[in-house]
Amino acid sequence: MSPPPLDKLQTMLMFHLVFSGLEPTLKDLQPNPGTARRDALAKWGLIAYEKRPGARNRMATHVVLTDAGWAWVHEHLDAEFSQ
């Protein structure tokens, strides 16, 4: 199932993940599209959540691009993302 068109904030997040090379924690996620829009990206298979040990061996949830997310960005390099 291909995702419906992403809104500008979701698109900005996808580009940020690709071009920054980061896999931030939920706490450090920028731009943060909010839980509902972020969870929609996960539902569509564009991002995934990974639990990893963080500071003081506490588990932290990281946001990572999936292969489908990388492909989406490749196919939508002309997408608008400014607010």
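The values are calculated or read from the model by the stated rules, or taken from the named source; none is laboratory data. Since we're looking at a predicted model, the values are computed, not measured. Positions of Cβ are backbone-derived with ideal geometry, glycine not excepted, and every protein chain shown enters the neighbour counts. Just the protein is used for accessible areas: all its heavy atoms, side chains included, with ligands, DNA and RNA removed. Shrake-Rupley method; radii C 1.70, N 1.55, O 1.52, S 1.80 Å.
Restricted to segment 17-44, and to residues that are touching a residue at least 40 places away in the same chain (Cβ under 8 Å) and not charged (D, E, K, R), which residue is farthest from His74 (Cα to Cα)?
Looking only at segment 17-44, we keep the residues that are touching a residue at least 40 places away in the same chain (Cβ under 8 Å), and these are 17-18, 23, 44.
Retained after the next criterion (residues that are not charged (D, E, K, R)): 17-18, 44.
On the way: Leu17: 13, Val18: 10, Trp44: 16 Å.
Filtering first and then ranking leaves Trp44.
What pairs come up if the first residue lies in segment 67-83 and is in contact (Cβ under 8 Å) with a residue 12 or more places away in the chain and farther than 12 Å from Lys8 by Cα, the second is of a type in the set (Lys, Arg) and open to solvent by 50 Å² or more (accessible area, probe 1.4 Å), and their beta carbons are under 7 Å apart, counting only those six or more places apart or on different chains?
none
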